[in-house]
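Q: Handing you this structure, nothing more for now.
What follows draws every value from the coordinates through simple rules; no lab data is involved. Everything numeric in this text was worked out from a predicted model, so none of it was measured. Positions of Cβ are backbone-derived with ideal geometry, glycine not excepted, and every protein chain shown enters the neighbour counts.
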Amino acid sequence: MIGIYLLNLLLALLLAPLLLGIINRVKAWIAGRHGKPLLQTYYDLAKLCQKSEVISPTCGLFFRLAPALQLTVAVAALALLPLGGQASPLRFTGDFLLAAYLLGLGRFALILAALDTGSSFEGMGASREATFSALAEPIFFLAISVLTSLHLDLGQTQDQAFSLSLLFGGQSAGAWLSGKYELLLLPVVFFLLLLVENCRIPVDDPTTHLELTMIHEVMILDHSGPNLALILYAQALKLWFFASLVAGLLVPDLGLASSLLWIAVIFLVACAIGLVEASMARLPLKRVTTFLGGAGAMAALVLIFSQMR
Amino acid sequence: MLLNICLYLLVLSNFLLLGTSRVAQMTKYTALQGFLLAALLFDFGHSVLTVAVLVIKGLVLPGLLWHTLAKMPKDSLICPHRLVALDVIAGMAGLAFAIWLDARLGSDLTFNLFPKLFLPLGLTTLFCGLILIIGRVKAITQVIGYLAAENGIFLLGMPLMTQGTTWFELALLLDVFVAVFVMGIAINRISDSFASMDVDRFRSLRD
Amino acid sequence: MLIAILALPIVTGLIMLFFGRALLCRLLLPVTAFCHTLLTAAIAWQVAHGQKPSALAGMLAPDALGVLFLAIASVLFLAVSFYTVSYLREEERIGIHTNILLDHGQFTNQPERRFAAFLCFFLASMSLVTITPHMGVQWVSVEATTLSSAPLIYFHRHKSSLEATWKYLIICSVGIALALLGNILLSVAFYSPKAPADAGFDQVAWFIAHAKNANPTWLKAAFVFLVVGYGTKMGLAPLHNWLPDAHSQAPSLVSALLSGALLNCAMLGLLRGHQIMQAAQLGEMSSQMLIFFGLFSLVTAAVFIVGQGHYKRLLAYSSVEHMGILALGIGVGGLACQGAMLHAVVHSLTKCLLFLLSGNILARYHTYSSYDVRGLRWTMPFTGSLWLAGFFAIAGSPPFGLFVSEMLIFKGLLAQGYVWLAISYLVLLAIIFVGLSVACLRMVQGNRPLDMPKSPREPVLSVLPPLVLAICVLGLGLCVPDALWHFLVRAASLIG
């Protein structure tokens, strides 16, 4: 079983940059353009790795360390998920806390790196990033707590119900298939969280060219060369992480077949992101809180509903 | 199966109603509620009423609201976002209260009469309607809220309907139709003479 | 006969709406009212002699309580219809009016035929409220009264009346919707899975007969919603917000009907609930609720009447007060309940009289402020003296009918042992008396404004109906006819 899991992890590490390509192609297709090649992100990564790096003399140690740290935590968080429906060998009770805070650590490193440059633009981006992720975190935990309470009700022990491997391992999908329709809102909640955490439209625009309106992009303005490649790759892995959460709720436990289905759902999520980006405009910064509030309201709704039975 | 899905969609439509700031969108959700009520009636086996509700609550009333909207200036059809957020929170509280009330009132009597989830969801729909009436400042959202509240009450009355009471339900529908019609006329007048639909402007009458 | 009493106003209303010349409307309105009163008298005679008229398979079958309120509505409509003739004539003469409350905008009235037609529809829906024993039909017709009277309030097409109409429509519609929920909960309380019995049309009697088997929790919940729903329409504080606005902005004759007839009709819905609660041995709870709302209305009215400068709002708050007194009397029961029935009759007559007169004053002075109306007894001798008499009557001073009824309720309160309630009742009435008489005396006394002509002609039809009403009120204060008293006692016995 560990072999299958490792295969899934390998696939995740290999295919993650493809998600960005899919999003771009869907956007281009809707806009009637041909768009970049699907493998563009791989080309970018290869190109960046060959380039030399320029580092501003005002930058300190953190600026150099942050990209590597970010990639490490992204891989570590991914390894805690039950990829392809297979339970992770690293699972333990309460591992969702570790996963959430690993991602938080990566974000923290990036924010420090951005502040390290001493540029006012980057500081502004960092403050926005900190605000939105602070707002997104309680919603993430709220949604997780809905799932745990559901699994406790389903008769799982305390040990199991607090592990990502159970929560996203196909049992939840079985539950909504058997009549708990309110659970179908949870993938939507995680999808919204994905949009916030990965800085996609309508929260942030990854393709914008005006520093004043950027959030994530402005933080990495000063990075270049291999370090930028690390950040880009870490970002793709983070996208894969959140898309996996959605997939974990939608794909039932079908043994080996669920691995394939899992990857298919992840690609579908990427298409959905593309559709959202093509059809929506960016929200004003003030409205992002409303957007997050909507996600929180949905999670609360599911909680109330599932407690009602 | 159909019953359960409809009930879930109904609650969802309530929160969508509370959570949108665009009035045009809200009329669509009103129509959705009409369709859902018709589907529920179909599930209960009231064929005449299904058709009547489908036509009146699903098509005619939303159409009437839509018609009223079409004459309004477009920028007057957005509600303030702050109110929207407050409304959603209030709706949550309403849902929780309805569930609590259901647990309090629940007895053998109600279990026989109401299918599961029926009572709390009907009450929630009623609360959401009331929240829309109180919590938004536009005349037309008050009408939409009235319709939602009325839908909730209609839902609660559904298990009590028999073949013998069809005439009463039809009279009820007619009443609601006339009420919305009259309100629609009044809204037109309001937007003509106040150049706005905000009920906030109603300040001339007080002590 | 029962069908005729509904069909008559509907048919004449339709005739007015489609073929309505102004002259035809003004002719048809009093004729309709007169025929309606005759039919009502006939029904009342039947019911008083123990017969049980019924029509449409029992959908229309009035009891003593219903007939009492039907008679009030019909008599008021008769008085108002004659007044309307002169009112419409005057309005037509002026043509384009100015809004005196807000921004002095110009406005025109609604077409006369529409106004007259909706008056008739309003009468029809009120009649249906009173003569049906089915709670559902009653609900539908109460909602119909809201819808048919909303265009009446918007007769003067200006902003303020539009505002009042909107408040009236929304608040009353929502309130009535809650009453529907009350009806549904009532059915739930009486639901039994073994025998889902068909109550037929005579729901009230059926409910009362089966009250012992009802589920008390649901019955209580149902009554709460009925109180909130019909209480809104009836104008019980704190649900009365629409009432002063609608009454002050509607044409005076419409205010007279709203206050005198409609509020009573809404109360009927409440009384049905009270009847059922008493049959289910829950009368304690419903009585307490009625007493609470009654007292709260009295307090609210007292607070707003003192220092109120707008004389039509003053009358409206006085309606809140009297609805409170009615709820109080009915809640206490016994003698107070009989007093409350008499009070309903006399209050309707008096309030109608006052609103009609306020229309005359408004037409002459063009102001709503009781500070600007001075010297009524010089400028309008008939209206002025009737206004003074009406005010003393509404404040409950002898020898008018309201004194008798308020005294009966007071005696009832003492007889049931509510001493503190009786004392606060007296204190509140005293405060209201002072508040009312200050405003009234200020209007009647004083020097006439210089631009007012001295004692000019007053149209006969604008003072005759109030005069007749005033004579009735005075007569009821001097002696209540035995026949009427027996009828009132019968009605009161239905609600304990």
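Q: If one takes the longest principal axis of the Cα atoms in chain B, at what angle in degrees, from 0 to 90 and to the nearest 10, does the Cα axis of helix B:139-157 lie?
A: 10
Q: Filter the DSSP H helices in chain C by two things, a Kyte-Doolittle mean of at least 1.0 and an axial alpha-carbon span of 15 angstrom or more, and list the hits by number.
A: The answer, listed by residue number, is C:2-19, C:22-48, C:64-94, C:112-131, C:159-189, C:283-305, C:335-365, C:381-394, C:401-415, C:419-444, C:460-478.
Q: Return C:Trp206, C:Trp45 ranked ascending by Cβ neighbour count within 10 Å, so the fewest neighbours appear first.
A: C:Trp45, C:Trp206
Q: Residues with beta-carbon under 10 Å from that of A:Pro226, excluding A:Pro226: net charge, scoring Lys, Arg +1 and Asp, Glu -1?
A: Every neighbour counted, the sum reads 0.
Q: A further question follows. Could you work out the helix-only [θ] at 222 nm for chain B, with each DSSP H run of four or more residues adding -39,500 (n - 2.57) and the total divided by the number of residues, to the nearest 500 deg cm²/dmol? Provide the component values of the computation, followed by the final result.
A: Working: 9 runs with 154 residues, N = 207.
Rounded to the nearest 500, the figure is -25000 deg cm²/dmol.
Q: From the P(r) of chain B, could you give the percentage of C-alpha pairs in the tail past 24 Å?
A: Tail of P(r) above 24 Å: 41 percent of Cα pairs.
Q: Continuing with the same structure: In region C:428-472, which trypsin sites (Lys or Arg not before Pro) fall in coil by DSSP and have 14 or fewer other Cβ atoms within 10 Å?
A: Hits after loop and neighbour filter: C:Lys454, C:Arg457.
Q: Based on alpha-carbon centroids, what's the gap between region B:158-207 and region C:343-363 in Å, whole number please?
A: Here the two parts' Cα centres lie 29 Å apart.
Q: Kirkwood Rh, Cα Rg: Rg to Rh for region A:175-309?
A: Values: Rg = 17.0 Å, Rh = 16.6 Å.
A ratio of 1.02.
Q: By the scheme Lys and Arg +1, Asp and Glu -1, what is the net charge of all other residues having a beta-carbon under 13 Å from that of B:Phe118? Show your work: numbers first, answer last.
A: Details: positive: B:Lys116; negative: B:Asp43, B:Asp102.
Its environment carries a net charge of -1.
Q: Springs between alpha-carbon atoms under 10 Å, Gaussian network over chain A: tell me which of A:Pro67, A:Pro37, A:Pro187 tops the mean-square fluctuations.
A: A:Pro37
Q: Quick one: net charge of C:Tyr365's neighbours, Cβ under 11 Å, K/R +1, D/E -1? If you can, show how the numbers build up before the last one.
A: Details: positive: C:Arg364, C:Arg374, C:Arg448; negative: C:Asp372, C:Asp451.
Taking every Cβ under 11 Å from that of C:Tyr365, the sum is +1.
Q: Mind telling me which of B:Ile134, B:Ile185, B:Ile89 comes out most flexible in a GNM of chain B, alpha-carbon contacts under 10 Å?
A: Comparing B:Ile134, B:Ile185, B:Ile89 in a Gaussian network model of chain B, the most mobile one is B:Ile185.
Q: At 222 nm, what helix-only mean residue ellipticity would chain A give, in deg cm²/dmol to the nearest 500, using -39500 (n - 2.57) for each DSSP H run of four or more?
A: Only helices count here, giving -24000 deg cm²/dmol.
Q: Roughly how many Å is it from the Cα centre of region B:35-105 to that of region C:310-332, as a whole number?
A: For region B:35-105 versus region C:310-332, the Cα centre distance is 36 Å.
Q: Using only the alpha carbons, work out the radius of gyration and Dmax of region C:1-150 in angstrom.
A: Over region C:1-150's Cα set, Rg and Dmax evaluate to 17.0, 58 Å.
Q: Along each of the three principal axes of the Cα atoms of the protein assembly as shown, give the extent in whole Å, ordering the values from largest to smallest.
A: 109, 71, 57
Q: Something else about it: Write down, largest first, the equivalent ellipsoid semi-axes of chain C in whole Å, where each equals the square root of 5 times an eigenvalue of the alpha-carbon gyration tensor.
A: Equivalent ellipsoid of chain C: 35, 26, 20 Å, largest first.
Q: How large is the convex hull of the C-alpha atoms of region A:2-308 per residue, in Å³?
A: Considering the Cα atoms of region A:2-308, their hull volume per residue is 128 Å³.
Q: Now for a separate question. Within chain A, which DSSP H helices have Cα atoms that stretch 27 Å or more along the helix axis and a mean Kyte-Doolittle hydropathy of at least 0.0?
A: Those that pass (Cα extent of 27 Å or more, hydropathy at least 0.0) are A:2-31, A:61-80, A:95-116, A:120-153, A:225-250, A:257-279, A:285-308.
Q: By count of other Cβ within 10 Å, fewest leading, how are C:Ile471, C:Ile131, C:Ile291 ordered?
A: Sorted ascending by nearby Cβ count, the order is C:Ile471, C:Ile291, C:Ile131.
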